[in-house]
Amino acid sequence: MRHPRLSTVVERRLLVNYRLAPGAAARLLPGPLRPQLVNGYAVAGICLVRLGGVRPAWAPKVAGLRSENAAHRIAVEWDGPGGVETGVYIPRRDTASRINTWAGGRVFPGEHGRADFLVHETPSELEVAYATRTGGTRVSVAVEVTGELRGSELFGDLGQASDFFRTGAKGFSATGAGKRLDGMELRTGEWHVDACRIRSARSSFFDDPDRFPGGSAALDCALVMREVPAVWHPLPAMAAS
């Protein structure tokens, strides 16, 4: 089945980023993916995104849908036909939308779990929390938007952080069958992110000591993107091993 391109407006995309021990990150990745390292660390995080106007690229804006969504991500690289490529591996996607839950993996790439979201948002503050219906994943994040990136061990400044995530626009998602990775690529001509100060962050995924023992995962920084038109392009599925 040929998947359509999806036109959207990224109303809010909050990236909460962690530093990981490379070995801990590698254990979570299927072949042919490997961790993409920055200053000796693997890079991972949670993407908390509200999409508006979601529709096939050929459909009118009035047909667009709106939804709260989340993805756990690990920055990765792999050997492509033209050399090393970069992107993210997504072990889990969740959404508040029944339509996304049904359509993910069918109408467009990326299987989604169902979750309930609680959001409080102002121009300078963001609080996003969600829990999956199965109870297996819980996230709670509160940040303040700032003009400067501070305290990151991954990135020297906001420009470095922005460039890193802009060039990692290809995402490959785990599937229930486990034999392939569904792919989507975010494309926008209006890329812009602001830095955030993390007031608090809890994640049942990154706080799990069995998955990340002995401090092998640590909060690093947060970025936010707002009101950016974007098109999501389906990518050929990647064989997983």
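Just so you know, all these numbers are worked out from the coordinates, no wet-lab data involved. In this text, all values refer to a predicted model and were calculated from it rather than measured experimentally. Methodologically, a virtual Cβ is constructed for each residue, glycine included, from the backbone with ideal geometry; neighbour enumeration extends over all protein chains shown.
So how strong a dipole does the chain carry about its Cα centre when Lys and Arg Cβ are +1 and Asp and Glu Cβ are -1, to the nearest 20 debye?
900 debye
Please list the equivalent ellipsoid semi-axes of segment 80-213, computed as the square roots of five times the alpha-carbon gyration tensor eigenvalues, in descending order and whole angstrom.
25, 22, 16
Going by Cα centres, segment 66-127 and segment 1-59 are how many Å apart?
With segment 66-127 and segment 1-59 each reduced to a Cα centre, they are spaced 6 Å.
Once you place label points 7 Å from the Cα toward the Cβ at ASP163 and HIS192, how far apart are they in nm?
If labels sit at ASP163 and HIS192, their model points lie 2.0 nm apart.
State, as an integer percentage, the relative contact order of segment 6-239 based on alpha-carbon contacts under 8 Å between residues 6 or more apart.
Averaging sequence separation for qualifying contacts and normalising by length gives 24 percent for segment 6-239.
Between LEU235 and residues 5 or more places away or on another chain, which pairs have amide H atoms under 5 Å apart, with H built 1.01 Å from N, and which residues are they?
The answer is GLY183, MET184, GLU185.
Quick query: amide H of ARG34 versus all other amide H atoms, modeled in the peptide plane; which residues come in under 5 Å with a sequence gap of 5 or more or a different chain?
Result for ARG34 returns GLU77.
So what is the relative contact order for segment 156-205, in percent, with contacts set as C-alpha pairs under 8 Å and at least six apart?
30 percent.
Taking the C-alpha atoms of the chain, how large are the radius of gyration and the largest Cα-Cα span, Dmax, in Å?
16.8, 51
Through the Karplus equation 6.51 cos²θ - 1.76 cosθ + 1.60, θ set to phi - 60°, convert the phi angles of segment 138-150 into ³J(HN,Hα) values in whole Hz; use x for Gly and Pro.
Result, rounded to whole Hz: 9, 9, 8, 9, 9, 9, 10, 6, 10, x, 8, 7, 10.
Give me, ordered by chain and number, the residues 5 or more places off HIS112 or on other chains with an amide H under 5 Å from its own placed amide H.
GLY104
Counting other Cβ atoms within 10 Å, keep those with at most 15, restrict to DSSP loop, and tell me which GluC sites (Glu not before Pro) in segment 105-186 are left.
GLU148, GLU153
When the helices in the chain are scored as -39500 (n - 2.57) per DSSP H run of 4 or longer and the sum is shared across all residues, what 222 nm value do you end up with, to the nearest 500 deg cm²/dmol?
That calculation yields -2000 deg cm²/dmol at 222 nm.
With a sphere of radius 11 Å drawn around the Cβ of PHE165, what net charge do the other residues whose Cβ falls strictly inside it have (Lys, Arg +1; Asp, Glu -1)?
+2
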